Amino acid sequence: MYSIGKLAKLSNSTVRTLRYYDEIGLLTPTLLSEGKHRYYEEKDIIKLQYIKVLKEMGFNLLSIQQMLEHQHLSHKEALAMQLKVLELEKERIEERTRSIRYLLQVSELEELANWKDVFDHLPMNSSPTPLEVYEEIWSNHFSKDEVQILKKLPKIGDDLEVMQGFTTLVNEIRENIDIETTCPEAQVFAKRWLELSEVIFNGDTTLAQKAWNINKETNGTIGMYQFDTRVVHFIEQAIMHYVQINYKET
């Protein structure tokens, strides 16, 4: 027989935890002495190990108690159920992570100054607009093949180097918005912008330009990011000069 202190030490648990398990009927001692001291047998040690393993897997105490006492689920069913729970939790964590990353990237793109600005950029509901909604909008402006490409484009909130590159570039443009678009520094911005656009659109520069024009004409209602008008004017002028200088007909 093992005292509660001995069992706690052997199982790397605490006496407080074992007392709680007894109170809720999860792990009751084999013997309770006249002095109210708890004593456990080998079978209790094995049961405690089951409890610890199931807790490590993410099962709550009520689920563990039901599985151990009533055996209403086979081990395969119980594991499959918990796997589904963890997968759903992973999806929720990934969505929250993407939402925070989205706000961080928007903060860099638009220089959000305070929490009010952040709240103004929060969606009206927690669920993102289904991709099918944008597909229907895109079908009014793009071919079926183009829509398939648009579906795979990186988005604000994606943990991708190209998106960080764009946020950094927009910040640098905003900091230098008053320089001449024909000066060397502005031409470097134009070159970087074209390179990033080419990466995003996988080399389809024609679609990149088409999407840019339609997004501007529709005031960003086709689901693509709408840049600040000053940034748009600056980069368009800088790119126009860059193309004229570097792609002259020979």
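The set of residues in the stretch 220-238 that are part of a helix (DSSP H, G or I) and over 14 Å from V170 (Cα atoms) contains only Q237.
The residue of the stretch 150-169 that is farthest from the chain's Cα centre (by Cα), among those that are among the hydrophobic types (A, V, I, L, M, F, W, C) and in a helix (DSSP H, G or I), is L169. If you go through the stretch 197-227 and keep only what is surrounded by fewer than 16 Cβ atoms within 10 Å (Cβ to Cβ) and either polar (S, T, N, Q) or touching an Asp or Glu at 6+ places or on another chain (Cβ under 7 Å) (or both), you end up with N202, T205, T206, Q209, N213, T218, N219, T221, Q226. Of all residues in the stretch 35-57, one or more are touching a residue at least 24 places away in the same chain (Cβ under 8 Å), charged (D, E, K, R) and within 30 Å of L88 (Cα to Cα). Within the option set L61, L54, L26, being at pLDDT below 85 and under 39 Å from the mean Cα position of the chain (by Cα) holds for one residue only, L54.
Among the residues of the stretch 214-236, none qualifies, meaning not one is in contact (Cβ under 8 Å) with a residue 24 or more places away in the chain, of a type in the set (D, E, K, R), under 27 Å from Q148 (Cβ atoms) and assigned by TED's automatic domain parsing to the domain that holds F166. Regarding E185, is this residue in a helix (DSSP H, G or I), free of Cβ contacts under 8 Å to residues at least 40 places away in the same chain and within 28 Å of the chain's Cα centre (by Cα)? So E185 does not fit the description; no.
The values are calculated or read from the model by the stated rules, or taken from the named source; none is laboratory data. This one's a predicted model, so the numbers in the text were calculated from it and none came from an experiment. So basically every Cβ, Gly included, is an ideal-geometry build from the backbone, and we count neighbours across all protein chains shown.
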